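Engineer: Let me give you the structure first, and then I'll get to my questions.
The values are calculated or read from the model by the stated rules, or taken from the named source; none is laboratory data. Computed from a predicted model, the values in this text were never measured in an experiment. We place every Cβ from the backbone using ideal geometry, glycine too, and count neighbours over all the protein chains shown. Side chains are part of the model used for accessible areas, which takes the heavy atoms of the whole protein and leaves out ligands, DNA and RNA. Shrake-Rupley method; radii C 1.70, N 1.55, O 1.52, S 1.80 Å.
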Amino acid sequence: MILSPSLLAGDFGRLAGELEALEAAGISWVHLDVMDGHFVPNLTFGPPVIKQLRRSSKLFFDVHLMIENPERCLGDFAEAGADLLTVHVEATAHLSRALLEIRRLGIKAGAALNPATPLSALEHVLPDLDLVLLMSVNPGFGGQSFLPLAYDKTRALKERLIRASSTALIQVDGGVDPEQTALLVLAGADALVSGTAFFQFPPYAERLKTFMAAAEENKQGGF
Ligand code: DX5
Ligand code: ZN
């Protein structure tokens, strides 16, 4: 299981320091939530901030674009140093084009689904995906409660990916804590995003251990 802490819950006054602390704690991915004030009712940061952070960090930049018409600025995010760009299927009329463009830029391509969006929205793009992000809250804010519908959706997506011989990872994002981690990994999740439940419980190395132990426990208990 890959744990991708969401920097949205970190200290915005010292973002570079937070990334350094994550790396020192043994974390490999960091989740960067980009919000445009249109697709979601909140604003965060864009390519210039990511570019600055890239200079001092070797972490895998897992960039979640909660922006309308993401195809307009995929190149800017790739150039800034994103390793994975995830676009929302609800935010573009040309999902397939956006995914192909991300891969053409030489980085990993992901598609995100809001809680109310069915898996069928991905039907024709499965071969173009490196990751599917299932939202377990309505996007826009950190610290919201996990929506349990994500368990069944994860299970159904896992089956669908296996049927399609897809190697895309399943990521779940929103309100995830160690308790949900155990059940989500059992349901088939490969990568989990955690903001509040991660950053509010330092030291980060210990918190990482708690999440990883939850993921492992369940694997052993479940199969
Ligand atoms: C929600 C974001 C999530 C969120 C995760 O719009 O996409 O990444 O910030 O934070 P928690 O774990 O606090 O829900
Ligand atoms: Zn996110």
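Engineer: Looking only at residues that are open to solvent by 20 Å² or more (accessible area, probe 1.4 Å) and of a type in the set (A, V, I, L, M) in the range 5-24, which one is farthest from ligand 2 (Cβ to nearest atom)?
Structural biologist: Ala24
Engineer: On the basis of being without any contact (Cβ under 8 Å) to a residue 60 or more places away in the chain, open to solvent by 20 Å² or more (accessible area, probe 1.4 Å), within 16 Å of ligand 2 (Cβ to nearest atom) and acidic (Asp, Glu), does Glu159 make the cut?
Structural biologist: no
Engineer: Wholly within the range 1-119, which helices (runs of 4 or more DSSP H) include no fewer than the required count, namely at least 1 residues that are touching a residue at least 24 places away in the same chain (Cβ under 8 Å), among the small types (Gly, Ala, Ser) and closer than 24 Å to Leu169 by Cα?
Structural biologist: The helices (runs of 4 or more DSSP H) meeting that bar are 74-80, 95-104.
Engineer: Report the residue count in the range 45-59 for those that are farther than 9 Å from Gly81 by Cβ and open to solvent by 40 Å² or more (accessible area, probe 1.4 Å).
Structural biologist: Residues meeting the conditions: 5.
Engineer: Name every residue in the range 63-88 that is more than 13 Å from ligand 2 (Cβ to nearest atom) and under 14 Å from the mean Cα position of the chain (by Cα), in order of residue number.
Structural biologist: Ala82, Asp83
Engineer: Give just the number: which of (1) out of contact with any Pro (no Cβ under 9 Å at 6 or more places or on another chain); (2) open to solvent by less than 50 Å² (accessible area, probe 1.4 Å); (3) not in a loop (DSSP other than H, G, I, E, B) does Ala197 not satisfy?
Structural biologist: Every listed condition holds for Ala197 apart from (1).
Engineer: Quick one: which residue in Thr117, Thr167 is more than 10 Å from ligand 1 (Cβ to nearest atom), among the β-branched types (Val, Ile, Thr) and open to solvent by less than 60 Å² (accessible area, probe 1.4 Å)?
Structural biologist: After ruling out the rest, the residue left standing is Thr117.
For (1) in a loop (DSSP other than H, G, I, E, B); (2) of a type in the set (A, V, I, L, M, F, W, C), each residue gets a yes or a no:
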site: Ser145; (1), (2): yes, no
site: Thr154; (1), (2): no, no
site: Leu157; (1), (2): no, yes
site: Thr167; (1), (2): yes, no
site: Val172; (1), (2): no, yes
site: Glu179; (1), (2): no, no
site: Leu186; (1), (2): no, yes
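Engineer: Restricting the search to the range 45-77, which residues are of a type in the set (S, T, N, Q) and either more than 21 Å from Gly17 (Cβ to Cβ) or out of contact with any Gly (no Cβ under 9 Å at 6 or more places or on another chain) (or both)?
Structural biologist: Hits for the range 45-77 are Gln52, Ser56, Asn69.
Engineer: Among the residues of the range 130-146, is any open to solvent by 20 Å² or more (accessible area, probe 1.4 Å) and of a type in the set (A, V, I, L, M)?
Structural biologist: No.
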